Amino acid sequence: MVVTKADLVDGLRQLGLASEVIVHSSLSSFGYVDGGAEAVCAALTEVCGTVLMPGGTWDLTGIPAPPGLVRPDNAYWNATDWPEFDEKLSAATSFSDDLPIDRWLGRIPEVFRQTYSTLRTSHPLFAYQALGPAAERLLAAQRPDWPLGPIEALDGDVLLLGVSHTSNTTIHLAEQHLGRSLFYRYAKNADGLWIELPNIPGESHHFDDIEPVLRSATTEIRIGQARVRRIPKDAVLAATQQLIQADPAALLCTDNPECRCAAALQQLVSVRR
């Protein structure tokens with residue numbers, strides 16, 4: 001089966017999307033798409049008013065924590081000594097607007113960046129990109145100390161294109177509102193210079209546990225082989241808050257003390273003391 005741009009446009013219109021949408025995506029989930037990621041991006045821009053997508057560069061800009069700098073419940077690794085830290089810093093790339101987006105975020109965000117000259121934030125690890133009438137407003141909500149600001153500013157929907165809730169960063173926003181999953185991470189921000197960045201979210205491998213709670217708020221169709229879902233952002237926030245208030249360990253793994261989930265839970269426990 002071949003998925004065309006017309007199929008994509010028709011499917012997206014069936015969802016009844018809001019004028020502002022954050023998109024998490026997997027190109028391969030559709031099967032064969034005539035026109036590839038370019039066709040998906042074209043369909044999104046045709047149907048949606050403003051499209052927000054990840055634009056992070058962690059693989060290029062991220063570095064270890066400096067030796068001796070240990071934050072409570074931070075679940076991160078330190079360089080063993082300053083020579084190792086300087087070596088990692090030298091090997092990393094300083095953030096710039098033209099850096100490619102991390103491959104693990106999928107092909108579609110990078111093609112979106114290349115094809116549409118999107119606006120992009122300058123967060124050294126957790127940048128976002130956007131196109132449309134609300135793009136400037138959404139991206140202006142991000143600060144170095146508040147990377148999820150664009151999602152908080154979004155007045156619209158989460159769109160999952162062939163991915164699960166493990167890609168749904170809006171869940172992290174709800175966690176952080178409650179005092180959980182607030183980590184410090186480190187990046188190269190200029191030649192020979194590094195920066196500590198707070199409020200970076202943590203693990204998401206149990207986020208699909210939210211699906212039953214969100215079922216009534218979810219509109220779902222198939223486009224090609226892809227499971228495509230629209231969920232209002234506010235519904236995601238409310239469901240996450242409901243689950244975590246009932247069980248502080250909700251949506252976290254509890255069987256691996258080495259996982260960041262354990263540190264995220266401890267952060268919440270400390271807040272509630």
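The values are calculated or read from the model by the stated rules, or taken from the named source; none is laboratory data. Note that the structure is predicted; figures quoted are calculated from it, not measured. Note that each Cβ is placed from the backbone with ideal geometry, even for glycine, and that neighbours are counted across all protein chains shown. Quick note on the areas: whole protein, heavy atoms, side chains included, nothing else; ligands and nucleic acids left out. Shrake-Rupley method; radii C 1.70, N 1.55, O 1.52, S 1.80 Å.
Structure above, values below:
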item	result
Set of lysines with alpha-carbon distance to Lys5 below 27 Å, sequence-local pairs under 8 removed	Lys233
Relative contact order of the chain, defined on C-alpha pairs under 8 angstrom at six or more residues apart (%)	22 percent
In order through region 93-101: 3J(HN,Hα) via Karplus (6.51 cos²θ - 1.76 cosθ + 1.60), integer Hz, x for Gly, Pro	10, 5, 5, 8, 5, 9, 5, x, 7
Cα long-axis angle, helix 5-14 against the chain (0 to 90 degrees, to the nearest 10)	80 degrees
Estimated vicinal HN-Hα couplings, Hz - region 211-225 in sequence order (Karplus 6.51, -1.76, 1.60; Gly, Pro = x)	4, x, 6, 8, 4, 5, 9, 9, 9, 10, 9, 10, 10, x, 8
Label-point gap, in nm, between Glu258 and Asp145 - each point 7 angstrom along Cα→Cβ	3.4 nm
Relative frequency of Cα-Cα separations exceeding 12 Å in region 208-268, percent	72 percent
Simple label model, 7 Å out from Cα along Cβ direction - Ser270 to Glu152, nm	2.0 nm
Between helix 36-47 and the chain: long-axis angle, C-alpha atoms, 0 to 90°, nearest 10	70 degrees
With Cα atoms, 0 to 90° folded angle of helix 82-91 axis to the chain main axis	20 degrees
Cubic angstrom per residue, convex hull over Cα atoms of region 11-161	129 Å³
Antiparallel %, DSSP beta bridges [both residues in the chain], to 5	70 percent
Accessible area per residue in Å² at 1.4 Å probe, computed on the chain	44 Å²
Amide proton proximity set for Arg227, modelled H, under 5 Å, gap of 5+	Gly162
Neighbour cut-off at most 15 other Cβ (10 Å), DSSP loop, chymotrypsin sites (Phe, Trp or Tyr not before Pro), region 61-158	Trp77
Carbon and sulfur %, accessible surface of the chain computed with the full protein complex present, 1.4 Å	49 percent
Point-to-point label distance, Val70-Ile195, nm (Cα→Cβ direction, 7 Å offset)	2.7 nm
Karplus (6.51, -1.76, 1.60) ³J(HN,Hα), θ = phi - 60°, over region 52-66, in Hz, Gly and Pro reported as x	10, 9, x, x, x, 9, 3, 4, 9, 9, x, 9, x, 5, x
Share of Cα-Cα pairs in the chain lying beyond 35 Å, as whole percent	17 percent
Magnitude of the charge dipole, the chain, Cβ model with Lys/Arg +1 and Asp/Glu -1, debye to 20	440 debye
Amide H partners (placed H, <5 Å) of Asn189, local residues excluded	Trp194, Ile195
Residue of Pro248, Pro109, Pro83 that the Gaussian network model of the chain assigns the largest fluctuation, springs spanning Cα pairs under 10 Å	Pro83
Cα-based Kirkwood hydrodynamic radius, region 74-145, one decimal, Å	14.4 Å
Amide H partners (placed H, <5 Å) of Ser94, local residues excluded	none
